[in-house]
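Peer 1: Quick one: structure below, then a few questions.
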Amino acid sequence: MKRTLPDGFVGAVMAVESITDAMVFLHGPGGCRVRFMVYSSAVFPRMTLEENDSYFVPYFCGYPRVPATFLDEYDYINGAFYKLEEGLPIVDSKKPGLVVVINSPGAGLIGDNHEKAIREAGMEDRAIYMDESLVSIPMTQGYDHTLRQIVEHLKPVRDRPEKDTVNLVGMTVLDKDWMAAVEEFTENLESMGLKVRCVPGAGAELDDLKDSLNSEYCIVVCPEACASLCDYYESKGLKIIRSEAGAPVGFDATEEWYRNIGAITGKDASAPISKVQKARDKIYQKFVGMKYNALRIKGLKFSAAGIASVIRPLTKWMYEYLATAPIAVDVDLGSDETEVEKLKAFLDSIDYSESFGVEPKKGSDIVLCEGITALTMKINGECCIGIPIGHSSMGLDDVIPRPIYGIQGTRYILDEILHGVRGS
C-alpha cells in the first residue's frame, strides 16, 4: 500500500511545539494551521481548557497552538508583511520564551521580510524565522534541523560541565506515546547513576536546552532525528553514545542499548538489563501458558516500514524471536545510511534480500508502520494485524501507554500480535 508520511515542514513545526515554552507563528493560510493546531495539542497537551479562553484574539482565533497569519489570495499577490507586523506583538503578548516564524510551502514564494518584522517588533532576542523549503526534506531532518537552529539561537555556554549527566536525543513528539518512553529511559538511566538533564525534541524547556551543553554525554535513541544536533553537541565537547544495535526496539536491541551505555560511561547497567531479562522471562511463561496461540505466530508473514534505526532491530527481533517472515521491509526517506546497510545485510543473510524497499504488502499477516497505513490496511482486509509504530502514530485512545521503545514497546507489539492472532 502507498504510504502517507509527514515531511520536513511538519517536522519543523512539531519540533518547535515540542518545547514547552516556545511557539510557532505560521506564515500561511488557515488551512495549513488546522492540522498543526489540533495535532500539537494531541501529542503534547500543554494547557488547561480554562486557559484557552484568553486566546479569542486575532491570529489565535480561540485556539492557543500554532497561531497563523491566515494568508488569502490578496496576500499572495500583494504581500503579507503587514500581517507579520501586526501579528508578532499579539503572539508575543502571550509571553512565549521563543517565537519561531515558519513559512507554509506557498508563503515561501511571497518573499515577506521576516527579519525586518522581528526587528521592528523588538523581538530579536526571542524570535527567529525558518525561511527555507522545508517541505522538500524528510520529517526527521526537518525536526533535527529546527532543533539545532533553536539551540544555536539560544547561545548556550558550556561553563559548568557536570559528570554523569546526559541528554537523551533522537526522540520526537511524533513518536507513539513518547512521554512513556522518556519516563522509562529516565528511570533506568538514573538506576545506573546517570542524570538525564535534557531531552531535546521531547518535552524540553528553553532553559533545559540552554543547560544541555553542560551534560557529559548525548545518548542517541534514533540517529535520524538528531544527526545535526549531535554534530553540534560533539563540536562543543559532549560525547555521543550510539548503540550498534540501533534504536532500543525489541528485547535484544534494548538490552544492548543499556549495555553499550554502561560500557562507555563506566556505569553498572545490571539494573535495567535485569528488567529486560525479567520481562523476557515473563513473556516466555506467557507463551508457555497459551501455547496454541503462541504457536500460531510462528511462520506469519510481516511487513515493516519506518526509519531504518527502528526497522532494523524490529525486523531482526521479529525474525529471530518470533520466527516470522519479513516479506516487505521499507525505510523512510532520511534514514541513517549505516542502519540501512546493516538492514540490507541482515535481510541478505536470511535470504530475504528481495524484501527490501517493498512497501507494506497486501496479504501480510502483520503490518508494522505509521498508524494511518497499518490501520487502513487492517480495515480493508489487506492484513490481519495492523500495528502503528511509525511517524505518526498518536495512540490517542490508549490509556495504558504503548510506546514502541524499550520494554513497554516490546510488550505493546507482542500484545497487538497476540490479540490479532486470537481474533483471526
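Peer 1: Which of the following residues is within 25 Å of Tyr39 (Cα to Cα), open to solvent by 10 Å² or more (accessible area, probe 1.4 Å), touching a residue at least 60 places away in the same chain (Cβ under 8 Å) and of a type in the set (A, V, I, L, M, F, W, C): Met130, Met179?
Peer 2: When all the criteria are applied, what remains is Met179.
Peer 1: Kindly list, by first and then second residue, each pair from a residue in region 254-279 that is farther than 18 Å from Pro403 by Cβ and in contact (Cβ under 8 Å) with a residue 24 or more places away in the chain to a residue that is part of a helix (DSSP H, G or I) and open to solvent by 30 Å² or more (accessible area, probe 1.4 Å), limited to pairs with Cβ atoms under 7 Å and residues at least 6 apart or on different chains.
Peer 2: The qualifying pairs are Ala269/Arg259; Ala271/Ser191.
Peer 1: Which fully enclosed helices (runs of 4 or more DSSP H) of region 119-217 have 2 or more residues being of a type in the set (Phe, Trp, Tyr)?
Peer 2: Passing ranges, in order: 178-191.
Peer 1: Looking at region 229-246 only, could you name the residues that are part of a helix (DSSP H, G or I) and surrounded by 17 or more Cβ atoms within 10 Å (Cβ to Cβ)?
Peer 2: Leu229, Cys230, Tyr232, Tyr233
Peer 1: In addition: Hey, could you check region 317-358 for residues that are in a helix (DSSP H, G or I) and of a type in the set (Val, Ile, Thr) and say which is farthest from Ala374 (Cα to Cα)?
Peer 2: Result: Thr338.
Every residue, every condition in (1) in contact (Cβ under 8 Å) with a residue 24 or more places away in the chain; (2) exposed (fewer than 14 other Cβ atoms within 10 Å of the Cβ); (3) in contact with a helix residue (DSSP H, G or I) (Cβ under 8 Å, 6 or more places away or on another chain); (4) assigned to a helix (DSSP H, G or I), yes or no:
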position: Ala12; (1), (2), (3), (4): yes, no, yes, yes
position: Phe25; (1), (2), (3), (4): yes, no, yes, no
position: Ser40; (1), (2), (3), (4): yes, no, yes, yes
position: Asp53; (1), (2), (3), (4): no, yes, no, yes
position: Val57; (1), (2), (3), (4): yes, yes, yes, no
position: Gly62; (1), (2), (3), (4): no, yes, yes, no
position: Val66; (1), (2), (3), (4): yes, no, yes, no
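Peer 1: Further question on the same structure: In region 74-93, which residue that is under 16 Å from Val24 (Cβ atoms) and of a type in the set (Val, Ile, Thr) is surrounded by the most Cβ atoms within 10 Å (Cβ to Cβ)?
Peer 2: Val91
Peer 1: Just checking, does region 359-368 include any residue being over 20 Å from Ala225 (Cβ atoms), of a type in the set (Lys, Arg) and part of a loop (DSSP other than H, G, I, E, B)?
Peer 2: yes
Peer 1: Shifting gears a bit: Only one of (1) in contact with a Pro (Cβ under 9 Å, 6 or more places away or on another chain); (2) part of a helix (DSSP H, G or I) fails for Ile283. Which number is that?
Peer 2: Every condition holds for Ile283 apart from (1).
Peer 1: Criterion first (more than 28 Å from the chain's Cα centre (by Cα), modelled with pLDDT of 95 or more and open to solvent by less than 40 Å² (accessible area, probe 1.4 Å)) does Ile118 satisfy it?
Peer 2: yes
The values are calculated or read from the model by the stated rules, or taken from the named source; none is laboratory data. The structure displayed is predicted, hence computed values, not measured ones. As a convention, Cβ positions derive from the backbone with ideal geometry for all residues, glycine included, and neighbour counts pool all protein chains shown. SASA here: full protein model, heavy atoms, side chains in, ligands and nucleic acids out. Shrake-Rupley method; radii C 1.70, N 1.55, O 1.52, S 1.80 Å.
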